[in-house]
Ligand code: ADE
Ligand code: ZN
């Protein structure tokens with residue numbers, strides 16, 4: 001890597017905002033802002049348990065992952081029609097464009113919707129059309145990753161995969177999310193093996209609240225290519241060494257970790273220690289409508305709290321392009337855009 005001239009600390013926020021980035025860990029249902037929840041509830045005649053946008057926002061005081069998930073699944077209940085999924089994803093893409101996101105890989109949770117009688121084609125259709133428009137109108141490339149809910153059974157995951165296969169060309173991979181405690185990666189060994197045979201990319205949430213051992217089994221049993229969160233690796237030095245040696249990307253989400261009390265304070269977040277240990281760390285927003293900020297806000301608050309500099313920022317965004325599931329020519333194009341940005345700035 002070329003030597004990087006210093007960016008004075010007072011110019012760091014401007015530099016962070018301007019950097020081109022890829023976002024690899026965003027649950028699209030977690031981008032549903034309270035205003036849009038109320039608009040869709042009205043449009044679809046869905047009753048909400050909160051009287052106003054403000055009352056809903058005030059309920060976003062989470063104590064752990066489960067306390068968030070309960071509200072997150074309730075929020076998603078307003079999504080019924082293809083247009084609703086389109087509107088949600090389009091609102092995210094507009095925010096992403098403002099944050100200089102060149103490429104986004106969107107997680108979606110179909111079981112949250114199919115369990116309410118919404119067809120798989122409705123979910124994937126709306127999201128796919130928003131992805132197409134993001135490319136045409138905003139110049140953002142994107143892809144969809146179907147997540148299995150780990151609090152449900154592996155059999156349910158298999159049924160979900162079957163329902164999605166008619167739309168195989170519209171998603172690039174599968175992930176594993178929802179309640180981590182008590183639901184180890186091994187529970188989904190057979191469905192992930194099947195996804196591998198189908199040529200799907202594989203990622204999994206591991207080591208968010210769960211133990212470092214879940215990161216190891218996600219890698220060894222599910223054969224995932226990236227770990228979502230993975231911050232609990234900080235408690236296992238041998239695992240940190242392995243992640244660095246094998247260049248396993250971690251899609252870290254600092255504001256999420258703060259709001260779900262994975263870390264008591266951003267100044268105590270392990271991101272810098274992992275980065276300095278050579279781990280391929282990236283910064284992401286997870287569920288930005290619930291956790292107080294989109295991608296740039298995650299960068300800004302993390303850099304304000306930790307002793308990170310411009311070289312670290314460049315490392316983080318390079319990692320995001322390296323870890324993305326794009327072809328090599330596309331990746332090289334992203335790297336060129338990064339170099340152009342650096343040349344303009346420095
Ligand atoms: N689903 C949406 N956000 C999640 C998170 N942070 N962890 C697990 N499952 C999720
Ligand atoms: Zn997540």
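Values quoted throughout were computed directly from the atomic coordinates according to the rules given, and no laboratory measurement underlies them. Quick caveat: nothing in here was measured; it's all calculated off a predicted structure. Glycine also receives a Cβ, built like all others from the backbone with ideal geometry; neighbour counts cover every protein chain displayed.
How much length is gained if the chain between residue 186 and residue 55 is pulled fully straight, taking 0.36 nm per residue apart and subtracting their Cα-Cα distance, in nm to one decimal?
Full extension of this stretch gives 43.2 nm more.
Hey, for a label at residue 81 modelled as a point 7 Å past Cα toward Cβ, could you say which residues of segment 24-58 have their backbone N under 12 Å away?
Under cut-off, by backbone N: 40-45.
Arrange 268, 223 by Cβ neighbour counts within 10 Å, fewest through most, would you?
Taking fewest neighbouring Cβ atoms as first place, the list is 268, 223.
Semi-axes of the equivalent ellipsoid for segment 1-96, please: Cα gyration tensor eigenvalues, times 5, square-rooted, ordered largest first, whole Å.
Ellipsoid half-lengths, sorted descending, are 34, 17, 12 Å.
On each of the three principal axes of the Cα atoms of the chain, give max minus min coordinate, whole Å, ordered largest first.
Principal-axis extents of the Cα atoms in the chain, largest first: 55, 41, 40 Å.
Calculate the FRET efficiency for residue 11 and residue 115 from the Cβ-Cβ distance with a Förster distance of 51 Å, rounded to the nearest 0.05.
About 0.55, to the nearest 0.05.
Rounded to the nearest 0.05, what FRET efficiency do residue 343 and residue 46 have when you use their Cβ-Cβ distance and R0 = 45 Å?
0.35
If you take the Cα Rg of segment 71-163 and divide it by 2.2 N^0.38 Å, with N the number of residues, what do you get?
1.11
Can you put 88, 335, 280, 120 in order, fewest other beta carbons within 10 Å first?
The most exposed by this proxy come first: 335, 120, 280, 88.
Segment 188-280: D in µm²/s via Stokes-Einstein (Kirkwood Rh, Cα pairs, 25 °C, 0.890 mPa s)?
After rounding, the answer is 182 µm²/s.
What distance in nm separates the simple spin-label points at residue 225 and residue 194, each placed 7 Å from Cα in the Cβ direction?
Rounded to a tenth, the inter-label distance reads 2.1 nm.
Using 0.36 nm times the number of residues separating residue 98 and residue 244, minus their current alpha carbon distance, what extension gain do you get?
So the chain would gain 49.4 nm between residue 98 and residue 244.
Taking the Cα centroid of segment 271-305 and of segment 63-104, what is the distance between the two, rounded to the nearest whole Å?
Segment 271-305 and segment 63-104 have Cα centres separated by 18 Å.
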